[in-house]
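Reviewing the structure listed below.
Any read-out appearing in this document is the output of simple, stated calculations on the displayed coordinates, not a laboratory observation. These figures come from a predicted structure and were not determined experimentally. Please note: Cβ atoms are built from the backbone with ideal geometry, for glycine as well, and neighbour counts cover all protein chains shown.
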Amino acid sequence: MPPQANCALPAGFQLDQYRIDRQLSLGGFSIVYLAHDEAGTPVAIKEYLPNSLALRKDGEIMPQVTEEHQAAFRYGMKCFFEEGRSLAKLMHPNVVRVLNFFRANGTVYMVMQFERGRTLHDFIQKHRGDIREAFIRTAFARLLNGLREVHAHKLLHLDIKPSNIYLRTDGTPVLLDFGASRQTLMNDQPILKPMYTPGFASPEQYDRRDQLGPWSDIYSVGASLYTCIIGSAPPRADERVKQDTLQPLAKTQSDRFSPQLLELIDWCLKLDPFARPQSVYTLQKALVHKSEVETAPHTPWFTDLGSRLKAFIGRG
Amino acid sequence: MRFTIYQESRIGQRQSNQDRIAYCYSRDSLLMVVADGMGGHLHGELAAHIAAQYITHAFQREAQPALHDPALFLSRALTGAHHAILDDTLDRHLQEAPRTTIVACVVQDGTAYWAHAGDSRLYLLRRGRIHTRTRDHSRVQMLMDQGLLSAHDAANHPGRNRIYSCLGGTHSPQIEYSPRMDLLDGDTFVLCSDGVWGPLGDEALLVGLVDTPLNVAVPRLMSQAEARAGETADNLSMVAMTWHDDLSTAGPDVISTQTMALNHFTTEIDLSSRSIGQLVDLDEDEIERAIREINAAIHKFDKR
């Protein structure tokens, strides 16, 4: 039986201290709404509502959970808490901020800062084949600041893809949706299968979950970079393991992008987890390396000397 | 040799247990090891695993039934473990060698020898007091030694986990060796990771172990440390051993090695990282508690 789609809460619905405006997205595990708090500040609210376990019919508020699915529903709730816990620990300009967490309607809700802008996915669709290297380098270098913070807290994101990368109107990126990180803890659940997005998930996410590490997120970053260049996702990693049809970008795209960037992306997309950059920092360093050389204005030597002298004197 | 020994390792609130602990004894010699893998998910665990395994194997090779030279053994085993980690790094084509702390102790002929690198500790408790303990190879300890930091400030210092010596990694380890220590009846050794001593502190550790059987004291102390650390509890590991004179009255849990065959070893290695993934039903209280905890974590940031 295919899972039925759940109905969203209606516009204008008063949910705790928030008023629902509209549905932003619908996933297999949750619904995200745009809402406003009492002060009129827009927020994004994520409602825990796994399609396969709970059903909300049109016109109803409380989702129905059958007796046989109760345990799994509660278990999934625990995973939803894990996401909340992960995000609550993080405070970084490039990671989505969680503002509140509450219980209502027989389920739980996570309130997040609402960001204006669009997803990298939409951006790629619109500018297909016309994204500049400088943009890619800058946006991803900043995004990686956020990912470093995530890894520093010993968390993995495990679902990085262009539709989970948000570009604010000022161009700065935000990493969204930590729903998949829940599966790092437990992967032997019959009902809530680990989720991954074909094309962006690393090969170890399919069958060697004991090998998950920062390098798994790095694969997904590589796949997202690849999508910026090519306009579509790379072949699925589980297919690549059987027969690798991925053409190295360094061979096919060298007329439009610098070899250093293309080689970097190919490096992230290595099937062997240990052949990829092992830390986000390594990747970030390589990502900003070239652009510094190319774009940094040449400083006249005397200005440089002057500032160095100043620093030297200041230290004494 | 006669002694009582107990060891335990817990995952705390982390996603994996990167600590590895082991003890191993022959008729005439006893080895205890705690290794605390650092950072980087899979990798730290790998380093701790290799170190604990390498040192235990070396002991089994050489303690037949006594080590020729315990101090030399420690020096060779720890340095060997460091190189084993580096070799494994090459085999796996890792970019950087994973790292682990180490503390290892050998007891032979009524004398103890130990060595450490990093901030996993060894305590020797004697007559209800801390007779000696290892100095952490951390910046915080250095600042304390120079009188620039009080013990209280050190316990809350943001950089208290930063250590400058360990096995693996890019730098050669600075391994510190103890002088020989002749043991007295009733002496207790504790080897533990920072997940234990961090939340507890010296005093609580001492109080918890004095006049309490190890199989009661160790689990109780671990639970205390876990509770104090709360949501941020690191992996916790502890190996504790109480030494008995050959003449003292034997309790029921005392191990006597006198009757062991010359080439026999008993080894207890906690090398498996036990996962915690069973299907547990959440009850109402747990849901409420989880929501409270998450909101507390959110609002901690608001105050900054």
Per residue of A:208-217, other chain Cβ atoms within 10 Å number on average 3
Rounded to the angstrom and largest first, Cα extents along the principal axes for the stretch B:38-171 equal 44, 44, 20
Long-range amide H partners of residue A:236, meaning residues 5 or more apart or on another chain whose placed amide H is closer than 5 Å, are A:199
Gyration tensor on Cα atoms of the protein assembly as shown, a ≥ b ≥ c root eigenvalues, a/c under 1.5 rounded, else prolate if a/b beats b/c, else oblate, says prolate
Taking Cα atoms only, helix B:194-209 is inclined relative to the longest principal axis of chain B by an angle, in degrees rounded to 10, of 60
Taking B:191, A:246 and counting other beta carbon atoms within 10 angstrom, the fewest-first order is A:246, B:191
Listing B:260, B:32 by rising number of other beta-carbon atoms within 10 angstrom, fewest first, gives B:260, B:32
Simple spin-label estimate for residue A:118/residue B:127, 7 Å along Cα→Cβ, in nm, reads 8.0
With x for Gly and Pro, the residue-by-residue ³J(HN,Hα) of the stretch A:62-74, computed from phi through the Karplus equation 6.51 cos²θ - 1.76 cosθ + 1.60 at θ = phi - 60° and given in whole Hz, is 6, x, 8, 10, 5, 3, 5, 9, 3, 4, 5, 4, 5
Two pseudo-spin positions, 7 Å from Cα along C-beta at residue A:289 and at residue A:238, lie apart in nanometres by 3.5
If amide H atoms are modeled at 1.01 Å from N in the peptide plane, then the residues at a separation of 5 or more from residue B:12, or on another chain, having amide H under 5 Å from its own are B:236
FRET efficiency for residue B:224 and residue A:258 from the Cβ-Cβ distance with R0 = 60 Å, rounded to 0.05, comes out at 0.60
Long-range amide H partners of residue A:99, meaning residues 5 or more apart or on another chain whose placed amide H is closer than 5 Å, are A:111, A:112, A:113
Over all viewing directions the Cα convex hull of chain B casts an average projected area in nm² of 18.4
With Cα coordinates, the longest principal axis of chain B makes an angle with the long axis of helix B:284-302, in degrees rounded to 10, of 80
Per 10 angstrom bin, beginning at 0 and ending with the bin that holds the maximum distance, the Cα pairs of the stretch A:16-113 fall in percents of 15, 47, 31, 7, 0
Length gained, residue B:143-residue B:76, 0.36 nm per residue minus C-alpha separation, equals 21.1 nm
With the label point 7 Å along the Cα-to-beta-carbon line of residue A:126 and a cut-off under 19 Å to each amide N, the hits in the stretch A:5-43 are A:24-25
Computed over all unlike Cα pairs, the Kirkwood hydrodynamic radius of the stretch A:52-188 in Å stands at 16.8
Over the Cα atoms of the stretch A:117-295 the radius of gyration and the largest Cα-Cα distance (Dmax), both in Å, equal 15.4, 52
Subtracting the Cα-Cα distance of residue B:95 and residue B:111 from 0.36 nm times their residue separation yields 1.6 nm
Over all Cα pairs of the stretch B:1-98, the Kirkwood radius sets Rh, and Rg/Rh then becomes 1.02
Quick calc: nm separation of the 7 Å Cα→Cβ label points for residue B:215 and residue B:150 -> 4.3
Taking Cα atoms only, helix B:214-229 is inclined relative to the longest principal axis of chain B by an angle, in degrees rounded to 10, of 20
Footprinting proxy, B:28, A:159: sorted fewest to most Cβ within 10 Å, the residues are B:28, A:159
Once residue B:300 and residue B:254 are pulled to full extension, the length gained, defined as 0.36 nm per residue separation minus their Cα-Cα distance, is 11.7 nm
